[in-house]
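See below for the structure under consideration.
Rule-based calculations on the coordinates, nothing more; no lab input. Since the model is a prediction, treat every value here as computed from it, not as a measurement. Cβ atoms come from the backbone with ideal geometry, glycine included; neighbour counts cover every protein chain shown.
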Amino acid sequence: MTQLLLLLVALPVVCYHWAAQNKPDLKWRLTGISYGLVIAPISLAMLRYTHVPLVGKLIGFIGLVLNLIHGSLGYFLVVGVGLQDPGIALTASELSAINITNGLIWGVYYGLTGHNLDVKWAAGAAVPQDYKTRRIVG
């Protein structure tokens, strides 16, 4: 199952290449949304590779850092709303609900970040070409 979760890495990559070809003005927004939707399950899958010698330790450490950043927000939101009791072991369905919540939160966050990048780079592209090469004579 962990190997199948790692296949989610392909979603932001495919989304980036599709958007670069078909919707270049939405490229980073769509990539940010797809990255935010899959980052929590990917970090959890990477965390489970710590038992593999050498390379697995590095992958597991990266997964640990990503899970510390992206995993706790959904848990605290679910506990704060009252859908989950704090301090008990999670079942698979409860962990799925937390990952769905994380996907929604981080999808919005990274989507807005991508939107800001799209707007910033579109404004930079609107500068006339002669403005960049114009010399001040004086």
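For this structure, a couple of remarks:
- Separation of the residue 64 and residue 52 label points, Cα + 7 Å toward Cβ, nm: 1.7
- For the chain, calculated [θ]222 nm from helices alone, where every DSSP H run of n ≥ 4 adds -39500 (n - 2.57): -24500 deg cm²/dmol
- Our estimate of slack between residue 123 and residue 96, defined as 0.36 nm per intervening residue step minus the Cα-Cα distance, is 5.8 nm.
- Top of 107, 71, 87 by mean-square fluctuation, Gaussian network on the chain, Cα under 10 Å: 87
- Most mobile of 41, 24, 86 in a GNM of the chain (Cα contacts under 10 Å): 86
- In this label model, residue 73 and residue 18 are separated by 2.4 nm, measuring between points 7 Å along each Cα→Cβ vector.
- Identified option (computed Cα extents along the principal axes in Å; candidates [x] 72, 40, 33; [y] 110, 51, 18; [z] 36, 32, 27): [x]
- Springs join every pair of Cα atoms under 10 Å in this Gaussian network model of the chain, and among 108, 119, 55 the largest mean-square fluctuation is at 55.
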